[in-house]
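This report refers to the structure that appears directly beneath it.
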Amino acid sequence: GQQVMQIPQYQHVQEGEDFTTYCNSSTTLSNIQWYKQRPGGHPVFLIQLVKSGEVKKQKRLTFQFGEAKKNSSLHITATQTTDVGTYFCAGPGVTGGGNKLTFGTGTQLKVEL
Amino acid sequence: DAGVTQSPTHLIKTRGQHVTLRCSPISGHKSVSWYQQVLGQGPQFIFQYYEKEERGRGNFPDRFSARQFPNYSSELNVNALLLGDSALYLCASSFHRNTEAFFGQGTRLTVV
């Protein structure tokens, strides 16, 4: 079955440093979604990428979708303590569809002052 | 507007018992999906319902079942609970099957 891996599993940074998490799928994805889950909270939708090679920015966050639509990345510039949480990528399979999302393994981000 | 609401927020059950979890989607959303999230892992897809019909099922045993009502709310039922069923159960709603998913706060189920 489809597998979605993320690296790194954990990342500790000093406030102000940059952070990147990488997402790799075993199958081609029709789209990739990114979610953020704060400790004790629920996943919150951040963005959806659909096109091959697509790049989208949200303030300090930059999202990329790979040319082969099998990988993606999230980059945060100048992290802040409010960025703390676990970041998940998620995507349906090419033959799937609907919100039968396969979530990645997640990257837990900790930001220290 | 209210977001996705789930009830109860916390639940403790004994092995072998049955549990029913409830979810009310965002008004106007017709798709409801259920996920199980074990501590330290990403959410695992259980079911998707759209327009009151099951549209997808994850790799979970038949002890897990769900349904969607005419008002688009949904229930997840788990029979013969096992210790391994202890997890956060998340409900997500979306307008269509392929649009972004909005998650509820989840039901924390503990099986003892």
*Meets criteria (more than 9 Å from every other protein chain (Cβ to nearest Cβ), of a type in the set (A, V, I, L, M), part of a loop (DSSP other than H, G, I, E, B) and free of Cβ contacts under 8 Å to residues at least 60 places away in the same chain) for B:LEU81*: no
*Only residues in segment B:1-23 that are assigned to a strand (DSSP E or B) count as the first member; pair them with residues that are of a type in the set (Asp, Glu), Cβ under 9 angstrom, at least 6 apart or cross-chain, and list the lot.*
B:LYS13/B:ASP85; B:VAL19/B:ASP85; B:THR20/B:GLU75; B:LEU21/B:GLU75; B:ARG22/B:GLU75; B:CYS23/B:GLU75
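Conditions tested, residue by residue: (1) within 11 Å of chain B (Cβ to nearest Cβ); (2) at pLDDT 95 or above; (3) surrounded by 13 or more Cβ atoms within 10 Å (Cβ to Cβ); (4) under 25 Å from B:GLY104 (Cα atoms).
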{"site": "A:GLN6", "(1), (2), (3), (4)": "yes, yes, yes, yes"}
{"site": "A:GLN9", "(1), (2), (3), (4)": "yes, yes, yes, yes"}
{"site": "A:GLN14", "(1), (2), (3), (4)": "no, yes, no, no"}
{"site": "A:GLU17", "(1), (2), (3), (4)": "no, yes, yes, no"}
{"site": "A:THR27", "(1), (2), (3), (4)": "no, no, yes, no"}
{"site": "A:PRO43", "(1), (2), (3), (4)": "yes, yes, yes, yes"}
{"site": "A:VAL55", "(1), (2), (3), (4)": "no, yes, no, no"}
{"site": "A:ILE76", "(1), (2), (3), (4)": "no, yes, yes, no"}
{"site": "A:VAL84", "(1), (2), (3), (4)": "no, yes, yes, yes"}
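Do any strands (runs of 3 or more DSSP E) entirely within segment A:1-44 hold 1 or more residues that are under 16 Å from A:PHE103 (Cα atoms), and if so, which? First the steps, then the outcome.
Working: elements: A:4-7, A:10-14, A:19-25, A:32-37.
Ranges flagged: A:4-7, A:19-25, A:32-37.
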*asked:* Checking B:PRO70 against (1) within 14 Å of chain A (Cβ to nearest Cβ); (2) in a loop (DSSP other than H, G, I, E, B): exactly one of these is not met. Which one?
replied: (1)
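The values are calculated or read from the model by the stated rules, or taken from the named source; none is laboratory data. What you see is a predicted model; the values in this text were computed from it and never measured. Please note: Cβ atoms are built from the backbone with ideal geometry, for glycine as well, and neighbour counts cover all protein chains shown.
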